[in-house]
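*Asks:* Dumping the structure here so I can ask a few things about it.
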Amino acid sequence: MAKVAHAASVLEWDTPLYQQARTQLEHALELAEVPDFVSARLRHPERALILMLPVRMDDGTYRSFPAYRVQHSSVLGPTKGGIRYDEAVDLGECAALAMWMTWKCALLRLPYGGAKGGVRCNARGLSTAELARITRRLTAELAPFIGPELDIPAPDMATNEQTMAWMMDTYSMQKGYAVPEIVTGKPVSIGGSLFRHEATGAGVVMVIARACERLGWVLAAQSCAVQGFGNVGGIAASELRDEGARVVAVSDISGGVYSPEGLDVPTLHAYVAEHGSLEGYTKDVERITNEELLELECDVLVLAAREDQVTAENAGKLRCRLVAEGANGPTSVEADRILAERGIPVLPDILTNAGGVTVSYFEWVQDLGRLFWDRDEIRRRLADQLSDAFDRVWSVAQERGVSLRDAALVAAIHEVAAALESRGIYP
Ligand code: GLU
């Protein structure tokens with residue numbers, strides 16, 4: 001039988017998560033009214049890199065790890081986005097996440113396009129030395145494709161300040177001098193920014209606070225359930241508590257804990273610092289599953305674990321009044337529709353978790369300028385930038401009568417489209 005050529009629409013990154021990003025985009029493009037050449041350019045990533053990383057394990061054997069870096073759009077500036085270590089990492093996931101980074105950066109008016117990368121591995125099952133060798137090999141292989149003016153990695157799922165320090169060191173050793181501006185989310189000791197560690201979680205709560213103002217709610221009177229207790233959910237839970245809200249449930253990969261009167265968040269953090277997860281924590285709480293957490297009765301449900309959590313199956317069972325997306329892509333397209341029908345607003349990921357990349361931008365600017373700002377200044381600038389983006393999204397939603405996700409995407413697409421129309425397609 002003759003070999004059938006792939007249709008242009010069936011490309012290597014066409015996985016369910018990429019379809020989700022594409023479906024959202026197509027819907028927003030109908031509202032955005034941009035020229036066809038702009039839509040065509042934004043439908044797919046500009047560049048994708050597939051690697052196999054050979055790594056020596058602690059027992060002397062060698063393993064190969066698939067790794068990816070996808071750069072979606074460089075129209076507005078260097079591409080920017082995290083590197084994740086997770087068993088679900090594939091080309092389609094990185095492509096979807098890279099596209100969302102383009103919208104996130106554009107919405108926040110950062111001079112960046114979107115990228116995302118990762119290594120397919122189970123980070124929890126690897127030693128620190130193995131993680132260091134994976135990271136250094138990854139950085140060496142990525143070296144021709146990343147750079148302070150080209151593509152700037154950052155932490156994402158299961159990567160952290162230490163990962164970024166290994167990346168910065170590997171890149172710098174190859175250049176022959178220190179290049180702190182090659183990555184963001186580094187330790188402060190090597191050019192990291194104050195408040196970067198807390199920025200994503202704190203930003204989630206700044207956006208929730210702004211939404212509460214617009215909805216006429218008092219944040220301090222709200223009960224909140226937080227799925228995910230890592231860098232995003234853990235910090236968001238603390239910030240919500242600091243704002244006076246009642247955090248009734250949190251969860252991580254080991255499951256969740258629930259107390260209708262409100263959890264003791266600092267004690268939970270201390271427990272996780274000691275034991276590695278919430279597993280085994282039972283004092284004054286009811287143990288629940290991650291699925292049960294999503295269906296708890298509460299005011300604000302924060303999704304800060306991973307993608308694909310609220311779907312057609314459980315969207316009808318949610319009993320919250322507002323959903324805030326701390327993770328990227330936690331709500332499926334069908335779930336979005338069901339929640340809209342039920343009148344439950346969703347604060348979309350590209351706005352709600354944009355605090356991380358915004359302070360990454362501040363970090364890069366500080367590194368390039370070799371001049372560092374204090375914590376209060378960074379927090380204030382972040383709050384200003386998020387409020388400005390929130391207000392733009394809110395008014396598009398009001399004026400056009402569309403969801404906050406559609407409004408955020410339309411606002412973001414307009415930023416990229418304006419740049420693309422000015423620059424044109426080369427040559
Ligand atoms: N990984 C984070 C995100 O998804 C941060 C990216 C960055 O700081 O560049 O937004």
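*Asks:* I need a count of the residues in region 98-136 that are in a loop (DSSP other than H, G, I, E, B) and out of contact with any helix residue (DSSP H, G or I) (no Cβ under 6 Å at 6 or more places or on another chain).
*Replies:* So in region 98-136, the residues in a loop (DSSP other than H, G, I, E, B) come out as 108-112, 121-122, 126-127.
Imposing the further condition that a residue be out of contact with any helix residue (DSSP H, G or I) (no Cβ under 6 Å at 6 or more places or on another chain) reduces the set to 109, 111, 121-122, 126-127.
So the answer is 6.
*Asks:* Right, another one. With within 12 Å of the ligand (Cβ to nearest atom), under 27 Å from L17 (Cβ atoms) and surrounded by fewer than 24 Cβ atoms within 10 Å (Cβ to Cβ) as the only criterion, which of A123, A96, A158 stands out?
*Replies:* A158
*Asks:* Does region 282-291 contain any residue that is surrounded by 17 or more Cβ atoms within 10 Å (Cβ to Cβ) and of a type in the set (V, I, T)?
*Replies:* yes
*Asks:* With the condition kept exactly as written, say whether any residue in region 269-277 is in contact with a helix residue (DSSP H, G or I) (Cβ under 6 Å, 6 or more places away or on another chain) and either modelled with pLDDT of 95 or more or not in a strand (DSSP E or B) (or both).
*Replies:* Residues of region 269-277 that are in contact with a helix residue (DSSP H, G or I) (Cβ under 6 Å, 6 or more places away or on another chain), as a first pass: none.
No: region 269-277 contains no residue that is in contact with a helix residue (DSSP H, G or I) (Cβ under 6 Å, 6 or more places away or on another chain) and either modelled with pLDDT of 95 or more or not in a strand (DSSP E or B) (or both).
*Asks:* Can I ask one more? Which numbered condition trips up A407, out of (1) out of contact with any His (no Cβ under 9 Å at 6 or more places or on another chain); (2) buried (at least 23 other Cβ atoms within 10 Å of the Cβ); (3) under 18 Å from V323 (Cα atoms); (4) in contact (Cβ under 8 Å) with a residue 60 or more places away in the chain?
*Replies:* If we test A407 against (1) out of contact with any His (no Cβ under 9 Å at 6 or more places or on another chain); (2) buried (at least 23 other Cβ atoms within 10 Å of the Cβ); (3) under 18 Å from V323 (Cα atoms); (4) in contact (Cβ under 8 Å) with a residue 60 or more places away in the chain, just (4) comes out false.
*Asks:* Tally time: how many residues in region 7-49 are touching a helix residue (DSSP H, G or I) at 6+ places or on another chain (Cβ under 8 Å) and acidic (D, E)?
*Replies:* 2
*Asks:* Separate question: So is S172 assigned to a helix (DSSP H, G or I) and either surrounded by fewer than 22 Cβ atoms within 10 Å (Cβ to Cβ) or at pLDDT 95 or above (or both) or not? Walk me through how you get there before you give the answer.
*Replies:* On the way: assigned to a helix (DSSP H, G or I): yes; either surrounded by fewer than 22 Cβ atoms within 10 Å (Cβ to Cβ) or at pLDDT 95 or above (or both): yes.
Yes.
*Asks:* Need the failing condition index for D90 against (1) closer than 25 Å to E12 by Cα; (2) in contact with a helix residue (DSSP H, G or I) (Cβ under 8 Å, 6 or more places away or on another chain), just the number.
*Replies:* (2)
*Asks:* Could you list, in sequence order, all residues of region 329-374 that are touching an Asp or Glu at 6+ places or on another chain (Cβ under 6 Å) and closer than 17 Å to K80 by Cβ?
*Replies:* Scanning region 329-374 gives D349, W364, D367, L368.
*Asks:* Within region 47-96, how many residues turn out to be small (G, A, S) and assigned to a strand (DSSP E or B)? Show your work before the answer.
*Replies:* Just the residues of region 47-96 that are small (G, A, S), to begin with: 48, 60, 64, 67, 73-74, 77, 81-82, 88, 92, 95-96.
Adding the requirement that they be assigned to a strand (DSSP E or B) leaves 48, 64, 67, 81-82.
Matching residues across region 47-96 total 5.
*Asks:* I need every pair where a residue in region 109-132 that is β-branched (V, I, T) has its Cβ under 7 Å from the Cβ of a residue that is outside any loop (DSSP other than H, G, I, E, B), sequence separation at least 6 or different chains.
*Replies:* Correct list of pairs: V119/L53; V119/F65; V119/A67; V119/Y85; V119/I134; V119/L138.
*Asks:* Quick check: is even one residue across region 285-300 closer than 27 Å to C105 by Cβ and within 24 Å of the chain's Cα centre (by Cα)? Before you say what the answer is, go through the steps one by one.
*Replies:* Start the filter on region 285-300 by keeping residues that are closer than 27 Å to C105 by Cβ, which leaves 300.
When the remaining residues are screened for being within 24 Å of the chain's Cα centre (by Cα), the result is 300.
Looking through region 285-300, at least one residue is closer than 27 Å to C105 by Cβ and within 24 Å of the chain's Cα centre (by Cα).
*Asks:* Still on this model: Condition test on A48, is it small (G, A, S) and in contact with a Leu (Cβ under 8 Å, 6 or more places away or on another chain)?
*Replies:* Working: small (G, A, S): yes; in contact with a Leu (Cβ under 8 Å, 6 or more places away or on another chain): yes.
So A48 passes the test.
*Asks:* Just one of L107, L17, L29 is surrounded by 18 or more Cβ atoms within 10 Å (Cβ to Cβ), more than 16 Å from the ligand (Cβ to nearest atom) and either at pLDDT 95 or above or within 22 Å of N353 (Cα to Cα) (or both); which is it? Quick ask: steps written out before the conclusion?
*Replies:* On the way: L107 fails: more than 16 Å from the ligand (Cβ to nearest atom); L17 fails: more than 16 Å from the ligand (Cβ to nearest atom).
After applying the criteria, what remains is L29.
*Asks:* Does G326 fit the bill of being out of contact with any Pro (no Cβ under 8 Å at 6 or more places or on another chain) and either in contact (Cβ under 8 Å) with a residue 12 or more places away in the chain or among the aliphatic types (A, V, I, L, M) (or both)? Let's see the steps before the verdict.
*Replies:* Numbers: out of contact with any Pro (no Cβ under 8 Å at 6 or more places or on another chain): yes; either in contact (Cβ under 8 Å) with a residue 12 or more places away in the chain or among the aliphatic types (A, V, I, L, M) (or both): yes.
For G326, the condition - out of contact with any Pro (no Cβ under 8 Å at 6 or more places or on another chain) and either in contact (Cβ under 8 Å) with a residue 12 or more places away in the chain or among the aliphatic types (A, V, I, L, M) (or both) - is met.
*Asks:* Would you check which residues across region 160-210 are in contact with a helix residue (DSSP H, G or I) (Cβ under 8 Å, 6 or more places away or on another chain), closer than 22 Å to P330 by Cβ and touching a residue at least 60 places away in the same chain (Cβ under 8 Å) and list them?
*Replies:* G185, A199, T200, G201, A202, G203, V204, M206, V207, I208, R210
The values are calculated or read from the model by the stated rules, or taken from the named source; none is laboratory data. Values in this document were obtained by computation on a predicted structure and should not be read as measured data. Glycine gets a Cβ as well: all are built from the backbone with ideal geometry, and neighbour counts include every protein chain shown.
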